[in-house]
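Scroll down for the structure; my scribbles are underneath it.
The values are calculated or read from the model by the stated rules, or taken from the named source; none is laboratory data. For clarity, every value in this text was computed on a predicted model and none was experimentally measured. Glycine also receives a Cβ, built like all others from the backbone with ideal geometry; neighbour counts cover every protein chain displayed.
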């Protein structure tokens, strides 16, 4: 029996090289096409653009503004040039005995120019604005957090694809097992019909054989349904037509001897922790940014352009202005204090979530190892039970054909063999799924950048 188990395990490992080539190809397709994963990648690109946007806040801002206006009406400013000069002119006329100086009316100057243009460049450069600096660092940490969230989803997707692949092969093999058993049932029905025609058995035995055949038809239909559903789900994960055929080699398998030891350092490989640590870094920068609101800000503003009633760009119409602007928010209704308190609370929440996640990961790894141990034990038992059932059916079938065993004994032996074949198949693929789950829990599948 040990020899049989060793041969089975060796054949599983040998099939690993071929089967995994097919499966790794499907994983690559899934990572390229799965819509949920593509959404995660878009979220990463979005956070990268937010980081770039934050960087832009500390770079100089240069804008071009051009304005041309036509106006009429409005207020007028009266300039009393006549009231000022006419008395003087009158006195000069009297002294000279002439009428050389005319009478001047007061001037009315409209407040709005009838035509006006202004074309200028505005330059603004932040000199001291700590909130911008800390916001840049916070956005960088948020971007890192999103990258690791994307990788964590990729790792879960890989496990889902592997589990779906093994479930499909499980259902497909189930169809084959039912088909093989139908051949056995058909042969038994043929023998019973011959025995009944020769008055060797009673009619009730023949009817039981026919009932068994109908039962297998029902089971075959159910297995085909399970195979189709497994096929649909697998293709759905790869975002392709649900009815596309799934390639497979002979029974693929992961190596059946993963390290079942457990070290707490393993949890550091999980992207969920790295993601939370990056989020925690972002929250610390958020506290600094909120605290920096109590400090003044300083910026440099420059302006150069041309003004006038006509578009002329020369030395007579140009102007420039350079300003240093200091702004210090002395009181704004305690909003800065509330913002800082919120940032501190956010940091405490992330610290708590980090500890909770660590405990969940430890539990996840331990459960995956326990599930593997149970799956391996079930598989080893299933192999032994299948071998025993095969031998028992061979002997019972021979006895039944020689009239030394009744039909009930034969039927029980055939049913036991059929059940053992199905249980061995289920145990085999459940073992592979358990190994894939360990790979997910320990984050050992190599992910590219």
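Scanning region 67-85 for residues that are farther than 20 Å from residue 307 by Cβ and modelled with pLDDT of 80 or more yields one hit, 80. Residue count for region 185-242, restricted to those that are farther than 21 Å from residue 170 by Cα and not in a loop (DSSP other than H, G, I, E, B): 25. Listed residues 152, 209, 163, 250; which is surrounded by fewer than 14 Cβ atoms within 10 Å (Cβ to Cβ) and in the same structural domain as residue 405 (by TED's automatic domain parsing)? The conditions single out 250. What pairs come up if the first residue lies in region 85-109 and is on the phi > 0 side of the Ramachandran plot, the second is modelled with pLDDT of 80 or more, and their beta carbons are under 9 Å apart, counting only those six or more places apart or on different chains? Short answer, once both residue conditions are applied: none.
Residue 337 fulfils the conditions (1) in a helix (DSSP H, G or I); (2) touching a residue at least 40 places away in the same chain (Cβ under 8 Å) except for a single criterion, (2).
Within region 87-101, can one find any residue that is in contact with a helix residue (DSSP H, G or I) (Cβ under 8 Å, 6 or more places away or on another chain) and within 27 Å of residue 296 (Cβ to Cβ)? Can you show your working first?
First, the residues of region 87-101 that are in contact with a helix residue (DSSP H, G or I) (Cβ under 8 Å, 6 or more places away or on another chain): 99-101.
Cutting the leftovers down to within 27 Å of residue 296 (Cβ to Cβ) gives us none.
No: zero hits.
Among the numbered conditions (1) surrounded by 13 or more Cβ atoms within 10 Å (Cβ to Cβ); (2) touching a helix residue (DSSP H, G or I) at 6+ places or on another chain (Cβ under 7 Å); (3) closer than 30 Å to residue 411 by Cα, the only one that residue 195 does not meet is (2).
Under the condition of being touching a residue at least 40 places away in the same chain (Cβ under 8 Å) and in a helix (DSSP H, G or I), which residue from region 54-72 is surrounded by the fewest Cβ atoms within 10 Å (Cβ to Cβ)? The extreme case among them is 55. For region 103-117, the condition holds for at least one residue, the condition being that it is part of a strand (DSSP E or B) and surrounded by 14 or more Cβ atoms within 10 Å (Cβ to Cβ).
Select, from 351, 391, the only residue that is part of a helix (DSSP H, G or I), over 23 Å from the mean Cα position of the chain (by Cα) and surrounded by fewer than 15 Cβ atoms within 10 Å (Cβ to Cβ). Give the steps one after another, and end with the answer.
Numbers: 351 fails: over 23 Å from the mean Cα position of the chain (by Cα).
Among 351, 391, only 391 is part of a helix (DSSP H, G or I), over 23 Å from the mean Cα position of the chain (by Cα) and surrounded by fewer than 15 Cβ atoms within 10 Å (Cβ to Cβ).
The listed residues are 425, 420, 413, and the only one of them that is out of contact with any strand residue (DSSP E or B) (no Cβ under 7 Å at 6 or more places or on another chain), buried (at least 19 other Cβ atoms within 10 Å of the Cβ), free of Cβ contacts under 8 Å to residues at least 60 places away in the same chain and closer than 30 Å to residue 164 by Cα turns out to be 420.
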